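As structure tokens, the structure follows; a few thoughts come after it.
Here, each number is a calculation from the coordinates, and none is a lab measurement. For clarity, every value in this text was computed on a predicted model and none was experimentally measured. When we count neighbours, we look across all protein chains shown, and the Cβ atoms used for this are built from the backbone with ideal geometry, even at glycine.
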Amino acid sequence: MSENKCLLQVENLNVYYGSIHAIKGVSFQVNEGEIVTLIGANGAGKSTTLNTIAGLMKPKTGTVTFEGKVISGMTANRIVPLGMALCPEGRRIFQHMTVRENLEMGAYSRPKSEIEDSIAQVFERFPRLKERRRQIAGTLSGGEQQMLAMSRALMSKPKLMMLDEPSMGLAPILVDQIFDIIKELHASGTTILLVEQNARKALQIADRAYVLETGNITLSGTGTALASSEDVKKAYLGG
Amino acid sequence: MTMFLSNLISGISLGSVYAIIALGYTMVYGIAKMLNFAHGDVIMVGAYICFCCLYNLGLPPAVGVLASMAVCTLLGILIERLAYKPLRQATSLAVLITAIGMSYFLQNLAQMIWGANPKSFQTVIPAGSLTLMGGELKISYVSMVTIAASVVVMVALSLFVGRSKMGRAMRCVSEDKGAAQLMGVNVDLTISVTFAIGSALAAIAGVLMCSAYPTLKPTTGSMPGIKAFTAAVFGGIGSIPGAMVGGILLGVIEILGRAYVSSELGDAFVFAVLILVLLVRPTGLLGKKIQEKV
């Protein structure tokens, strides 16, 4: 555990879909410089938690504090400029736009003069995207789309990057690549909040982890501690 | 031959008006995913405002056009804020019925203010025509101005949507509202701007249309509104070039149908063509269809 200051604090968050109580009093925090992962089964509320933090959904009660500022209740477009990005589940890149246009959209809230540099950095990291910069994003392969989605989120220069199921639907070799990218991002100073089905890999790279079950946090600890916990092994790591 | 050319030009001219109206339908559909059936009535309001400026206030035509654009822009934003925004999460049927209600509301409001008797619209475009081919082919100034105005509108709108920051935000919102928000796009503002632009275009269409067909009454907007909606579906609803192509084709089909087949069935042709196109291409002529990759 680091002594770094708290970047994101979620306190007693309650979220409803109509009458369904999806998130039941969830509290956790992410410190600066950490990789924190939320693991849990389908429908446990992982994506709902991230979407609520990002401002796509409104909590019924509870607060989300980012760098000491209460952001719960703010819409997503006002949260992004504060330095938080969400790379959403299912990638959700703009299918009808070119690769480059997608990247430019990622920097929507930044001054135009800074965009070129960031695009150059992305192209350096992902030469594949540079080759395909004029291509319509919907025609990219699944792995390329995930890289584009992550790069697009990076274009806002986030302090906190939230990733929702970045390895979903990808071949094992691509999954390794995605996790390498996450480690690289972390090494370059970005704090990461990661939601993953692939609990084994997520726990391997995480400083700390929380287990979410039907809207409640049932376990928490360091990545290695949880990876060796019997309960976690049974439920999420296949025995 | 000259007869055909002359018909073709009136068709393109009428179609240009349809295209300008269809742009409003298609942009709003693309971004707010709703059919704004009150759009046709904004055309009528635009024409009345211009009428008042010219006839009651004696202002020059250019001022009349600008005033009508300004009023319609505000009206469009107001309609969206008051009637549609509270229903953002409601079922599409609720929104559709609200739009139809808004359409009747505008018609009745116009009837209250200006009366049910048709007004004779004072054209903003000088009467007369350009004579070509040794006096055989006449093109009215109204047709020429209408076609020119629609070209300007289309080029300007394409540039705006394709190049400007707001235009790009609009395309993102039309594709995925949530993802657009995650980029920092203000979705409410984008929707307001869309309604504003659509309604300003409706004002232009209203003035152009009433310059060519100078009878103005509270229901003036409904038929062109429905035809322009047809044009938008014909071209592929949600697609801006589709609305342009659909509008112009529809105008040409209507006029040629009236001239060569039956003058009574002109409107029926328009809808028959729509049915045929939708049977062959359900997404319309230029409707988008990209296979999603997983």
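Express in % the proportion of alpha carbon pairs of the protein assembly as shown at distances exceeding 33 Å. Above the 33 Å cut-off, the protein assembly as shown has 50 percent of its Cα pairs. Normalising by residue count, the range A:145-239 has a Cα convex hull of 108 Å³ per residue. Here the simple spin-label model places points 7 Å from the Cα toward Cβ, and for B:PHE271 and B:LYS165 these points are separated by 4.6 nm.
The Kirkwood radius of the range B:1-110, taken over pairs of alpha-carbon atoms, gives through the Stokes-Einstein law at 10 °C and 1.306 mPa s a diffusion coefficient of 101 µm² s⁻¹. Taking amide H positions as modeled 1.01 Å from N, with prolines and chain starts lacking one, the residues under 5 Å from A:CYS87 and 5 or more places away or on another chain are A:MET162, A:LEU163, A:ASP164.
Here chain A yields Rg over Rh of 0.96, to two decimals, using C-alpha coordinates and the Kirkwood radius. For the range A:1-140, the orientation-averaged shadow of the C-alpha convex hull comes to 10.5 nm² (one quarter of the hull surface).
Summarising the amide proton neighbourhood of A:GLY169: residues at separation of 5 or more, or on other chains, whose placed amide H is nearer than 5 Å comprise an empty set.
Taken one residue at a time, the phi angles of the range A:52-59 give Karplus couplings (6.51, -1.76, 1.60, θ = phi - 60°) of 6, 4, 6, x, 6, 10, 9, x Hz. Gly and Pro are set to x.
In a DSSP loop and with at most 14 other Cβ atoms within 10 Å, there are no chymotrypsin sites (Phe, Trp or Tyr not before Pro) in the range B:5-107. Here the translational diffusion coefficient of chain B follows from Stokes-Einstein with Rh set to the Kirkwood radius across Cα pairs; for 10 °C and 1.306 mPa s it amounts to 81 µm²/s.
Our analysis of the range B:1-57 gives Rg over Rh at 1.16, with the two radii drawn from alpha carbon positions and Rh computed by the Kirkwood formula. Couplings 3J(HN,Hα) of the range B:14-19, computed from phi: 4, x, 4, 5, 4, 4 Hz, in residue order, whole Hz [Karplus 6.51 cos²θ - 1.76 cosθ + 1.60, θ = phi - 60°; x for Gly and Pro]. In plain terms, the residue of B:LEU96, A:LEU148 with the fewest other Cβ atoms within 10 Å comes first and the most crowded comes last, giving B:LEU96, A:LEU148.
Near the amide H of B:LEU137, within less than 5 Å, lie the amide hydrogens of B:LEU132, all on another chain or at least 5 residues away, with H placed in the peptide plane.
Of the trypsin sites (Lys or Arg not before Pro) in the range A:55-159, which ones lie in a loop per DSSP and count no more than 13 other C-beta atoms within 10 Å? Can you show the working numbers first?
Working: sites: A:LYS60, A:LYS69, A:ARG78, A:ARG91, A:ARG92, A:ARG100, A:LYS112, A:ARG125, A:ARG128, A:LYS130, A:ARG132, A:ARG133, A:ARG134, A:ARG152, A:LYS159; in loops: A:LYS60, A:ARG91, A:ARG92, A:ARG132, A:ARG133, A:ARG134, A:LYS159.
Passing both the DSSP loop test and the Cβ count: A:LYS60, A:ARG134.
Couplings 3J(HN,Hα) for the range B:224-237, derived from phi with the Karplus relation 6.51 cos²θ - 1.76 cosθ + 1.60 (θ = phi - 60°), are x, x, 5, 5, 5, 4, 4, 4, 5, 5, 3, x, x, 5 Hz, where x marks Gly and Pro.
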